[in-house]
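The values are calculated or read from the model by the stated rules, or taken from the named source; none is laboratory data. In this text, all values refer to a predicted model and were calculated from it rather than measured experimentally. All Cβ positions, even for glycine, are placed from backbone atoms using ideal geometry, and neighbour counts span all protein chains on display. All accessible areas refer to the heavy atoms of the entire protein, side chains included, with ligands and DNA or RNA removed. Shrake-Rupley method; radii C 1.70, N 1.55, O 1.52, S 1.80 Å.
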Amino acid sequence: MGPSLAITIRRVKTVHALRLDILIKFAVAFAMLAVAAASSASAQKAATKAPGGFETKAKHAILMDADADLIFYEKDPDTLMPPASMSKLMTLALVFRELKAGRIKLEDQFKVTEHAWRTGGAPSGGSAMFAPLNSTVSVADLIQGAAVQSGNDACIILAEGISGSEDAFVKEMNKYAKEIGLTKSHFENSTGLPAEGHVMTARELALLANYIIKAYPEYYHYFGEKEFNFGKWKFTNRNPLIFEESLGVDGLKTGFTDDAGYGLVASALRENQRVILVVSGLITKKDREEEPRRLLEWGFKSFKPFRLFDQGEKVSDALVWGGTRHYVPLVGNSNIDIILPFNTSGQVTAQIVYDGPIKAPIRKGDKVAKLRVTAADTKATNDIPLYAGEDIGQSNFAMRGLDSLLVLAFGWLL
């Protein structure tokens with residue numbers, strides 16, 4: 001007997017139960033999921049624990065799917081912590097924004113000031129690309145110096161070249177962080193060097209990494225470069241996992257200070273499934289190499305995507321107010337896949353969530369709702385955007401008045 005599908009109606013937002021034909025679609029999909037889980041059980045037994053049962057030495061950790069709104073694993077992900085050089089991701093996000101806007105170019109040359117040289121360069125004794133005092137360095141080399149070598153001097157030179165001073169650049173970092181949804185993070189410098197109030201969370205580091213991957217794909221390759229040659233120096237990427245091709249890791253950033261411990265933000269891609277992990281507070285460099293490897297292997301083996309709807313296939317309908325039709329069909333903008341644990345029971349809730357009724361006119365392709373699928377046992381949740389499948393014009397005044405009366409009288413029983 002196939003796994004059942006439970007439908008829960010909530011009224012925080014308008015939620016509609018799926019029609020019978022949609023329920024059958026889900027039942028079939030999850031029956032296939034159960035078969036896949038059973039057939040792979042013996043292979044998974046040694047390597048996979050139940051979601052949430054994974055343990056890590058890291059003080060803070062998170063593993064998430066980059067495309068589905070799904071967290072595979074988390075451990076104290078919302079506590080503010082010193083991010084060390086992992087906060088260079090925010091510095092580089094701002095650099096990428098300026099490049100994409102055309103305000104700077106990769107071939108632009110920025111001067112190495114005394115502040116950059118003393119604070120982040122050779123005299124500092126910290127991570128540096130060793131840019132000579134009073135020389136000029138291209139933006140492209142500075143990005144590599146920050147992404148591959150974790151050069152503090154590279155970050156300060158970029159900050160000063162873009163904003164005139166590091167302080168001004170940091171103000172823009174904080175502003176930009178809030179704009180992209182990093183509500184807890186706060187930055188005091190461009191480097192991640194220890195400073196009171198320079199803090200992030202593991203969750204926001206993961207969100208930042210995901211933002212960079214999606215907003216600036218043309219610059220993401222810098223994080224995966226294995227080597228960077230600058231003058232007489234040959235630097236090797238500090239992220240050891242990018243050298244293990246079987247892992248699928250292709251970026252992003254390490255970090256270490258005495259207070260923060262060893263940390264890593266990494267992304268891995270296997271069979272078109274991209275995951276992002278963050279670990280922080282590890283005691284040794286060896287731990288920073290081993291713990292992310294274990295977490296990645298566990299995540300890829302424990303969670304898999306399953307196809308629910310093909311591109312353009314109708315998922316359900318949403319109620320329309322003031323339209324030439326009372327309902328608008330809902331579709332995905334591509335194939336709709338969800339990601340669930342291999343060992344899920346198949347008991348799920350499936351909901352169509354939208355604020356409504358949706359006011360006409362509606363254009364085909366407008367984002368109007370989302371499909372929320374939640375595994376009952378693990379609470380793993382997928383939120384998938386849904387779009388209008390066709391244009392809905394605005395009705396005349398009399399019909400809009402009738403719609404208003406119907407909604408007032410019958411609410412969502414229409």
Check: When you go through 137, 170 one by one, which is the residue that is of a type outside the set (Ser, Thr, Tyr), open to solvent by less than 20 Å² (accessible area, probe 1.4 Å) and outside any helix (DSSP H, G or I)?
Finding: 137
Notebook entry, point to check: For residue 334, are the conditions met, namely being at pLDDT 80 or above and either over 16 Å from residue 271 (Cβ atoms) or open to solvent by 50 Å² or more (accessible area, probe 1.4 Å) (or both)?
Noted result: yes
Check: Consider residue 47 against the criteria (1) open to solvent by 30 Å² or more (accessible area, probe 1.4 Å); (2) modelled with pLDDT of 95 or more; (3) more than 21 Å from residue 183 (Cα to Cα): it satisfies all of them except one. Which criterion is unmet?
Finding: (2)
Margin query: Condition first: of a type in the set (Val, Ile, Thr) and buried (at least 21 other Cβ atoms within 10 Å of the Cβ). Now tell me which residues in the range 317-331 satisfy that.
Written below: 320, 328, 331
Next item on the list: Among the residues of the range 270-289, write down those that are surrounded by 16 or more Cβ atoms within 10 Å (Cβ to Cβ) and either modelled with pLDDT of 90 or more or closer than 30 Å to residue 363 by Cα (or both).
Entry: 274, 275, 276, 277, 278, 279, 280, 281, 282, 287, 288, 289
Check: Is it true that residue 153 is open to solvent by 10 Å² or more (accessible area, probe 1.4 Å), acidic (Asp, Glu) and more than 28 Å from residue 66 (Cβ to Cβ)?
Finding: no
Margin query: I need the full set of residues from the range 78-113 which are in a loop (DSSP other than H, G, I, E, B) and buried (at least 21 other Cβ atoms within 10 Å of the Cβ), in order please.
Written below: 82, 83, 112
Notebook entry, point to check: Given (1) outside any loop (DSSP other than H, G, I, E, B); (2) open to solvent by 60 Å² or more (accessible area, probe 1.4 Å); (3) over 25 Å from residue 213 (Cβ atoms), where does residue 119 come up short, assuming only one miss?
Noted result: (2)
Notebook entry, point to check: Restricting attention to the range 205-237, and to residues there that are among the hydroxyl-bearing types (Ser, Thr, Tyr) and farther than 17 Å from residue 62 by Cβ, which single residue is most open to solvent (accessible area, probe 1.4 Å)?
Noted result: 236
